[in-house]
Amino acid sequence: MITIVDYNAGNIRSVLRACGEVGAKAAITGDPEAVAKAEKIIFPGVGAAPSAMAYLTKTGLDTALTEAFRVGIPILGICMGTQIVLESSEEGDQKCLGLIPGRTVRFRLKDKRLKIPHMGWNEVKVVKPHPLLEGIKGGDEFYFVHSYYPQPADENNIYAVADYGGDFCCALGYKNLFAVQFHPEKSGRLGLELLERFTKWEGEEV
Amino acid sequence: MLSKRLVICLDVRGDKLAKSIKFAETKDIGDPIAKARQYYEDGVDELVFYDITASRENRDIRIHMVEQAASQIFIPFSVGGGIRSVKDATKLRNAGAEKVNVNTAAVQRPKLITEIAEAIGSQSAILSMDIRRVNPTREIPSGYEIVINGGITPTGIDALGWAKKGEELGAGELVINSIDADGTKDGYELKLTRMIADAVGIPVIASGGAGKPEHLYDALTEGRADAALVASIVHYGEYTCRQLKEYLHGRGIKVRMSY
């Protein structure tokens, strides 16, 4: 059973539907107790870091997620959920969950023809093997919509990058946490396959 | 680097797929959800559901159909037709649409674009423009005029000016529908597409007139579009998504090939 964290951050039913498509049992909840006791957690979301963190703090979901991470529950972060597992975000200079050292930064693009947000299909290049990225090969593309991206302090935590005016981290991993900047639930077959691998992942560190 | 996108538009009337020629003579051609699933599996990058009668008949878009589509296709899709308020936009987004298209209502009340962008994000607020070629005048210097109500009512508004204003108001993307090219299969209105693409900093989707794979190539190169929208040529089975993408890929356009 996958617990999808509801924290008032955009439409997360698409994640639920995608789980259904790969035959995974999943449920949406905003209850911190349910999150702390989950078998597996997907932490999705779109929006802005300050309002997301404010909601997590107010509801106690911040503590629940931190506790879930500490006890080894496999966690998959998506988009905003990925950005706020780091220590801070440049967006509103916001302190975040700090499950992994590093910060979330805004694109600084020299090429003015490149637009922000970075929106659309972009190739994802695996730079370090991880069970959740198995089978992804050169040229495989995933769907992105974002203006900020995660920048782990330790390069060893970077598992995949994407090129948009230079390579940026689009998949990071640390212990039982794996987090992606793109949207697997909107990335067609390749995205669904990633979710399917998550259903089988026991959170083992690589 | 972002890939260029192949977008398929499903014009829906009631719960049927429809196709028009120059915005008139519509006929039903099948079940839109089944078609959407088929295109999704065949590698389309994005889908647009356009309720072509919603605006004219002042009718709410069919939330139920959006939900059904969202449970069948796992790529971004947008919905347009009859969206008049932030409430409409939010309802559709919550039903599973990634983006919403506004057209007539935005011309009548431009602030709608800003309101939607603020509520669900600029990237989800798409301005769709139906455009007809006219003789340039002082009012319409570009020689392209905005037409509303599903291609029925001319507005006297210059298309280039409206495109720029749409960007300023917060639109995250523009759909350039050429009424003159719609359904002709003679190719996109390249001059119009390029004129707008060069003038704005947001992505532009070329729409109307695709008849051959070369037309898509032209729109994405000469027309400077970020995406090419097709309808008839895939609905009637003349080309599959895969064929179109293989053609573009073969000619050096970066498109998503693994799906």
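Values in this text are rule-based calculations from the coordinates and carry no lab data. The structure presented is a predicted model; accordingly, all values stated were derived computationally and were not measured. Quick reminder, even Gly has a Cβ in these numbers, built from the backbone with ideal geometry, and neighbours come from all protein chains shown.
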Open item on the list: Residues that are under 9 Å from A:V5 (Cα atoms) and over 15 Å from the mean Cα position of the chain (by Cα), at least 1 per element: which helices (runs of 4 or more DSSP H) completely within the stretch A:29-74 meet that?
Closed with: A:32-36, A:61-70
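Tell me the residue from B:T104, B:T114 that is touching a helix residue (DSSP H, G or I) at 6+ places or on another chain (Cβ under 7 Å), of a type outside the set (A, V, I, L, M, F, W, C) and over 18 Å from B:F49 (Cα atoms), please. So that I can check it myself, show each step before the final result.
Values: B:T104 fails: over 18 Å from B:F49 (Cα atoms).
Checking each option against the conditions leaves just B:T114.
Criterion first (among the β-branched types (V, I, T), in contact (Cβ under 8 Å) with a residue 40 or more places away in the chain, under 30 Å from A:R13 (Cα atoms) and within 14 Å of chain A (Cβ to nearest Cβ)) does B:I126 satisfy it?
Working: among the β-branched types (V, I, T): yes; in contact (Cβ under 8 Å) with a residue 40 or more places away in the chain: yes; under 30 Å from A:R13 (Cα atoms): yes; within 14 Å of chain A (Cβ to nearest Cβ): yes.
Against the criterion (among the β-branched types (V, I, T), in contact (Cβ under 8 Å) with a residue 40 or more places away in the chain, under 30 Å from A:R13 (Cα atoms) and within 14 Å of chain A (Cβ to nearest Cβ)), B:I126 qualifies.
Looking at this structure, is A:Y164 more than 24 Å from B:G96 (Cα to Cα), hydroxyl-bearing (S, T, Y), surrounded by 21 or more Cβ atoms within 10 Å (Cβ to Cβ) and within 14 Å of chain B (Cβ to nearest Cβ)?
Numbers: more than 24 Å from B:G96 (Cα to Cα): yes; hydroxyl-bearing (S, T, Y): yes; surrounded by 21 or more Cβ atoms within 10 Å (Cβ to Cβ): yes; within 14 Å of chain B (Cβ to nearest Cβ): yes.
Considered against the rule, which asks whether it is more than 24 Å from B:G96 (Cα to Cα), hydroxyl-bearing (S, T, Y), surrounded by 21 or more Cβ atoms within 10 Å (Cβ to Cβ) and within 14 Å of chain B (Cβ to nearest Cβ), A:Y164 comes out as yes.
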Task: Within the stretch A:1-59, considering residues that are surrounded by fewer than 16 Cβ atoms within 10 Å (Cβ to Cβ) and of a type in the set (K, R), the one farthest from A:G77 (Cα to Cα) - done: A:K58
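If I go through the stretch A:93-122 residue by residue, how many of them are under 25 Å from A:K175 (Cα atoms) and either basic (K, R) or within 14 Å of chain B (Cβ to nearest Cβ) (or both)? Let's see the steps before the verdict.
Applying the first criterion (under 25 Å from A:K175 (Cα atoms)) to the stretch A:93-122 yields A:94-105.
Now restrict to residues that are either basic (K, R) or within 14 Å of chain B (Cβ to nearest Cβ) (or both): A:95, A:103.
Total satisfying the criteria: 2.
For A:E90, are the conditions met, namely being free of Cβ contacts under 8 Å to residues at least 12 places away in the same chain and more than 14 Å from every other protein chain (Cβ to nearest Cβ)?
Working: free of Cβ contacts under 8 Å to residues at least 12 places away in the same chain: no; more than 14 Å from every other protein chain (Cβ to nearest Cβ): yes.
No; evaluated as a whole, the condition is false for this residue.
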Open item on the list: Report every pair of residues separated by at least 6 positions or lying on different chains whose Cβ atoms are under 8 Å apart, first residue within the stretch A:5-19 and more than 12 Å from chain B (Cβ to nearest Cβ), second of a type in the set (V, I, T) and assigned to a helix (DSSP H, G or I).
Closed with: A:V5/A:V35; A:Y7/A:T59
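Look at the stretch A:167-206 and say how many of its residues are part of a loop (DSSP other than H, G, I, E, B) and in contact (Cβ under 8 Å) with a residue 40 or more places away in the chain. Can you show your working first?
In the first step, residues of the stretch A:167-206 are kept if they are part of a loop (DSSP other than H, G, I, E, B); the result is A:175-176, A:181-183, A:187, A:201-206.
Those still in the list that are in contact (Cβ under 8 Å) with a residue 40 or more places away in the chain too: A:175-176, A:181-183, A:187, A:201-204, A:206.
Residues meeting the conditions: 11.
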TODO: Please go through the stretch B:166-207 and pick out each residue that is basic (K, R) and closer than 22 Å to B:D45 by Cα.
DONE: B:K185, B:R194
Task: Options B:S232, B:S178: the member that is of a type in the set (G, A, S), within 15 Å of the chain's Cα centre (by Cα) and under 18 Å from B:R132 (Cβ atoms) - done: B:S178
Task: Long-range neighbours under 7 Å by Cβ, at least six apart or interchain, first residue within 25 Å of A:L99 (Cα to Cα) within the stretch A:127-153, second assigned to a loop (DSSP other than H, G, I, E, B) and charged (D, E, K, R) - done: A:Y148/A:E90
- [ ] Quickly run through the stretch B:240-259 and pick out the residues that are among the β-branched types (V, I, T) and away from chain A (no Cβ under 13 Å).
- [x] B:T240
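Mind checking which strands (runs of 3 or more DSSP E) fall wholly inside the stretch B:128-242 and carry at least 1 residues that are hydroxyl-bearing (S, T, Y) and in contact with a Phe, Trp or Tyr (Cβ under 9 Å, 6 or more places away or on another chain)?
Details: elements: B:144-148, B:153-158, B:173-178, B:204-207, B:227-230.
It comes to B:153-158, B:173-178, B:204-207.
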Open item on the list: When you scan the stretch A:150-159, do you find a residue that is buried (at least 23 other Cβ atoms within 10 Å of the Cβ) and aromatic (F, W, Y), even just one?
Closed with: yes
